[in-house]
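The values are calculated or read from the model by the stated rules, or taken from the named source; none is laboratory data. These numbers come from a predicted model, not from an experiment. Positions of Cβ are backbone-derived with ideal geometry, glycine not excepted, and every protein chain shown enters the neighbour counts. Ligands, DNA and RNA are excluded from the accessible area calculation, which covers all protein heavy atoms including side chains. Shrake-Rupley method; radii C 1.70, N 1.55, O 1.52, S 1.80 Å.
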Amino acid sequence: MSGADGGPRRSQAFRLPGRHGYAVEFSPYLPGRLACAAAQYYGIAGCGTLAVLEQNEAGICLFRSFDWNDGLFDVTWSENNEHVLVTSSGDGSLQIWDTANPTGPLQVYKEHTQEVYSVDWSQTRGEQVVVSGSWDQTAKLWDPAVGRSLCTFKGHEGIIYSTVWSPHIPGCFASASGDQTLRIWDVKTPGVKVVIPGHQAEILSCDWCKYDENLLVTGAVDCSLKGWDLRNVRQPVFNLVGHTYAVRRVKFSPFHATLLASCSYDFTVRFWDFSKPNPLLETVEHHTEFTCGLDLSLHHHGQVADCAWDELVKIYTPSCLAAPV
């Protein structure tokens, strides 16, 4: 465990009463701003809340709060407007919100026929597009300025849990599914580019390495994280074990090529360096329920945010990231 008291350093917490956290994401523009997508009743019933939080020396405070009539499962910040966010919901819709316009969503896009579990805004310069992934087994491409989807991607044979744009290759995204595969897509060409049978279990999350355009990580119900090199996908390039229940979300570090984080239904967040003989750097145990949301700050080196079904959002620096890696 980290820190002299058994907990991470400089930890701050914010409670969302009656809301169970599903996703967190730091603002790409404002260093102290964080968004959390949450749901009532563990996302099974009830409404959802988008909480936009501000961090300062005194702690974390609520900057804006938006309610939706179904659970919110994911959130992504706009890459061209610091006030705009997109959420995805249990009713099959995407919502576009503006923190400068607190009355309600600017737009609602409802085309998916089941829960939308994933949404991601492209980080590639010149592209202002969003990808969503749904329980209806499709991914959809959206231009927020257009009132309908631009394209639908079919091929998965199970729920799509995660859709993430490549930070390197324009128009390229990855998807992870309950059909046990990781798939790579190119919006300019129909059909899937690469299919990787990554785990013998549902894959709940994937992410791209920020330093290697060919490297991705998956996290699955089999409790493991696996690394994949797109130039040779027959075998994983690393296999990280230690979680005791399903891995819910995986994130590569924005600062270190071989460092990544994962959160799990075992209530923990774990930090790994896959280049080391003993890759598990640290285990943070500060939630009392499923830990679902995880992000690493682009602005503050080593700062992490997570959220869980215990109604808590936490911002902290684990010991392993407090010192140079």
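Worth a mention:
- Solvent-accessible area of E79 with every protein chain in place, 1.4 Å probe, in Å² to the nearest 10: 60
- Annotation: amide H of F238 within the under-5 Å range of G227, sequence separation 5 or more or interchain, hydrogens built in the peptide plane.
- Surface accessible to a 1.4 Å probe, per residue, for the residues of the chain, Å²: 39
- Largest-first ordering by accessible area, 1.4 Å probe, given options W135, W228, W309: W135, W309, W228
- Spherically averaged projected area in nm², based on the convex hull that wraps the Cα atoms of the chain: 14.9
- Surrounding net charge for V52, when Lys and Arg each add one and Asp and Glu each subtract one, Cβ distance under 9 Å: +1
- Rel. contact order, % - alpha carbon contacts under 8 angstrom, at least six apart, the range 12-320: 13
- For D70, nonlocal amide neighbours, meaning residues 5 or more places apart or on other chains whose placed amide H falls under 5 Å from its own, are G48.
- Residues in the range 12-18 carry Karplus couplings, in order, of 10, 10, 9, 9, 10, x, x Hz; the curve used is 6.51 cos²θ - 1.76 cosθ + 1.60 with θ = phi - 60°, and Gly or Pro positions show x.
- Exposure ranking of Y265, Y42 by accessible area [1.4 Å probe, largest first]: Y42, Y265
- Nearest-10 value in Å² for the accessible area of K154, using the 1.4 Å probe: 150
- Residue-count net charge about L62 - beta-carbon cut-off 14 Å; Lys, Arg +1, Asp, Glu -1: +1
- For the chain, calculated [θ]222 nm from helices alone, where every DSSP H run of n ≥ 4 adds -39500 (n - 2.57): 0 deg cm²/dmol
- L280 accessible area, 1.4 Å probe, all protein chains in place, Å² to nearest 10: 70
- Amide H contacts for D207 (H built 1.01 Å from N in the peptide plane; partners 5 or more residues away or on another chain; cut-off under 5 Å): V217.
- Shown in residue order for the range 166-172 are the 3J(HN,Hα) couplings computed by the Karplus curve 6.51 cos²θ - 1.76 cosθ + 1.60 at θ = phi - 60°: 5, x, 10, 10, x, x, 10 Hz (x for Gly and Pro).
- Surface listing: Y109, Y161 arranged by accessible area from highest to lowest gives Y161, Y109, probe 1.4 Å.
- The Cβ shell under 15 Å around D310 holds other residues with a net charge of -1, Lys and Arg each +1, Asp and Glu each -1.
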